[in-house]
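Written out below as C-alpha cells is the structure these notes cover.
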Amino acid sequence: MSRTRRAFSNLLLAPMATGLIADDSMAAKREHMVSVHLESRGIRDAAVLRAMRRTPRHLFVPEDMRKQAYDDTPLPIGHGATISQPYIVALMTVLLQAGPRDNVLEIGTGSGYQAAVLAQLAQHVYTIELEPELARSAAETLRTLGHSNVTVRHGDGYLGWPEHAPFHRIILTAAPPQIPTRLIDQLARGGRLVAPVGDAADQELVLLEKLADGKTRTTQAGAVIFVPMRPALKR
Ligand code: SAH
C-alpha cells in the first residue's frame, strides 16, 4: 500500500478509533476470546471472526462487568436483559449469513453488541428494543463507536419495522414462543431468519429460510437460553 493510500485509510478508520483500535488494553483478552472460545470451538467464518475481533465487548457491558467482558458467558446489562455469550453471538451470526448488500432487522437491541457485529457485515441494521433506557444507551454506544449504519428504535419487536421491510436477514435475540408471523411476512424471499424459540425452560435455536417461491423451511440448530420476548400490551 502506498503512503498516501495508507494515510487515507487511517483517516477512514479515525471515527471508529475510540475504544476500537487506539489504546485498547482489552485487545489481548478479546483475541483470547476469539481464538479460544470461537475458533477452537468450530467458528470458521472469517468475516464473523474479523467483526468479533474488532468489536469492543467491554464497552457494551456495565462498567463493573468490564473485567468479565471477554469471558465466554452471558452478562446482565440491567432491565432484566443479558448480553449473550460470545459463542452464541458468533453462532447466530454465522447462521444468519449477512452480507454487504443485506438489510438486517434485529429484535432485542439490548446493549447493542450484536448490532455492532452485524453492522460490520451488513449494509444496514435496524434494531428494535422494548426497554426505552436500553434503546437509548445502545444507540449512544453505537454512535460513539461510529456505527452509522445502525438505526435503533424503542418499540415492540412483535410488530417488526414495516417501513423498512422486506429484510434480507432477521435476527431475534429474545425468545418468542413461536416465530411471529409478522416477522416472517417482513422477510424477503431468499432471506434468512434466526431466532431462539420456546418457553423459558425449553428453547431451540431455529433457522427459517424463505425460499424463492415464498415457502419457508426451518432447521433446528441446538438448545439455547435467552430472555423471553415480552409481549407488548396492545397489538
Ligand atoms: N442482542 C442483545 C441482547 C439482547 S437481550 C445484545 O447484543 O446485547 C434481549 C433483549 O430483548 C432485552 O433487551 C429485552 O428488553 C428485549 N426484548 C424483549 N421483548 C422484546 C420485544 N417484544 N420487542 C423488542 N425487544 C424486546
Does anyone have the angle between helix 86-96 and the longest principal axis of the chain? Alpha-carbon axes, 0 to 90°, nearest 10?
60
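Please report, in whole Å³, the volume per residue of the convex hull around the C-alpha atoms of the range 20-116.
On the way: hull volume 9.6 nm³, N = 97.
Here the figure is 99 Å³ per residue.
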Can you classify the range 151-216 as rounded, prolate or oblate using the Cα gyration tensor, where a ≥ b ≥ c are the square roots of its eigenvalues, rounded means a/c under 1.5, and otherwise it's prolate if a/b beats b/c and oblate if not?
oblate
Nitroxide proxy distance, nm - points 7 Å out along Cα→Cβ at R189 and A223
3.9
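For D45, D199, write out the residues from largest to smallest accessible area, computed with a 1.4 angstrom probe and no ligands counted. Write down the numbers at each step before the final one.
Numbers: D45 55, D199 95 Å².
In descending accessible area the options line up as D199, D45.
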Report the Rg/Rh value for the chain, based on alpha-carbon coordinates and the Kirkwood definition of Rh.
0.96
For an R0 of 35 angstrom, estimate the FRET efficiency from the Cβ-Cβ distance between T181 and E31 and round to the nearest 0.05.
0.25
Based on the alpha-carbon gyration tensor of the range 83-212 and its eigenvalue square roots a ≥ b ≥ c, which shape applies: rounded if a/c is under 1.5, prolate if not and a/b is larger than b/c, or oblate?
rounded
Putting +1 on Lys and Arg Cβ atoms and -1 on Asp and Glu Cβ atoms, find which of Q85, F226, T144 reaches farthest to the positive end of the dipole of the range 81-235.
T144
What's the angle, to the nearest 10 degrees (0 to 90), between helix 3-13's Cα axis and the longest principal axis of the chain?
40
What is the spin-label model distance, in nm, from R50 to R153 if the labels are put 7 Å beyond Cα along the C-beta direction?
3.1
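Are there trypsin sites (Lys or Arg not before Pro) in the range 66-117 that DSSP marks as loop and that have at most 12 other Cβ atoms within 10 Å, and which are they?
Working: sites: R66, K67, R101; in loops: R101.
Here the sparse-neighbourhood loop sites are R101.
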Enter the accessible area per residue of the chain (Å², integer; probe 1.4 Å; all protein chains in place).
50
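What's the carbon and sulfur percent of the range 108-190's accessible surface, probe 1.4 angstrom, rounded to a whole number?
Numbers: 1560 of 3210 Å².
C and S atoms contribute 49 percent here.
The values are calculated or read from the model by the stated rules, or taken from the named source; none is laboratory data. From a predicted model like this one, the values you see are computed outputs, not experimental measurements. Cβ coordinates were reconstructed from backbone atoms using ideal geometry, including for glycine residues, and neighbour counts include every protein chain displayed. Just so you know, the surface numbers come from the protein's heavy atoms only, side chains and all, with ligands and any DNA or RNA stripped out. Shrake-Rupley method; radii C 1.70, N 1.55, O 1.52, S 1.80 Å.
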